[in-house]
């Protein structure tokens with residue numbers, strides 16, 4: 001298998017992870033589980049989609065903030081994706097951070113519910129971009 005074939009395979013795997021993780025979020029939401037857990041899964045669904053993009057980029061980072069910073073610089077500021085797409089993952093990241101790390105943080109179902117559609121669109125846009133670039 002060539003390096004390009006391996007990259008394609010990994011990108012498809014990351015997109016599958018993104019979709020499965022969004023399904024997990026929906027399962028948690030429908031089961032009336034913690035909104036904190038729901039936004040965590042929604043955020044990770046988009047994060048995995050970003051990782052699928054980075055397979056083809058000369059960049060890597062072990063920190064979420066670094067990955068998001070690069071994504072914003074490379075894909076949002078350069079106009080590849082809309083600012084709305086960038087805001088979606090950035091706000092989800094902030095909500096996840098608040099829910100996971102802030103003491104006494106409360107998230108509501110009303111706060112997290114709109115992110116289902118936004119995350120679905122996010123993943124779809126990433127998939128379409130990779131297809132249009134003949135990377136998947």
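No value in this document is a laboratory result; all are computed from the given coordinates. Just so we're clear, the structure is a prediction, and the values are computed from it rather than from any experiment. Don't worry about glycine lacking a Cβ; one is built from the backbone with ideal geometry, like all the others, and counts go over all protein chains shown.
Seen against the Cα atoms of the chain and their longest principal axis, helix 35-54 is set at about 10 degrees. Specify the angular offset, from 0 to 90 degrees and rounded to the nearest 10, of the alpha carbon long axis of helix 114-132 from the longest principal axis of the alpha carbons in the chain. Once rounded, the angle reads 0 degrees.
Distance between the pseudo-spin-label points of residue 116 and residue 82 (7 Å out from Cα toward the beta carbon): 2.1 nm.
Remark on the chain: ratio of C-alpha radius of gyration to 2.2 N^0.38 Å is 1.05. Between helix 83-101 and the chain there is an angle of about 50 degrees, using the helix long axis and the longest principal axis of the Cα atoms. Give me the distance between the Cα centres of region 83-131 and region 1-56, rounded to whole Å. Between the Cα centres of region 83-131 and region 1-56 lies a distance of 12 Å. Applying 1/(1 + (r/R0)^6) with R0 = 30 Å to the Cβ-Cβ distance of residue 135 and residue 91 gives a FRET efficiency near 0.65.
222 nm [θ] for the chain, helices only, -39500 (n - 2.57) per DSSP H run of 4+, per residue, to 500? Provide the component values of the computation, followed by the final result.
Values: 6 runs with 98 residues, N = 136.
Taken over the chain, the calculation gives -24000 deg cm²/dmol.
Between residue 32 and residue 100, the modelled labels are 2.7 nm apart [label points 7 Å from Cα along Cα→Cβ].
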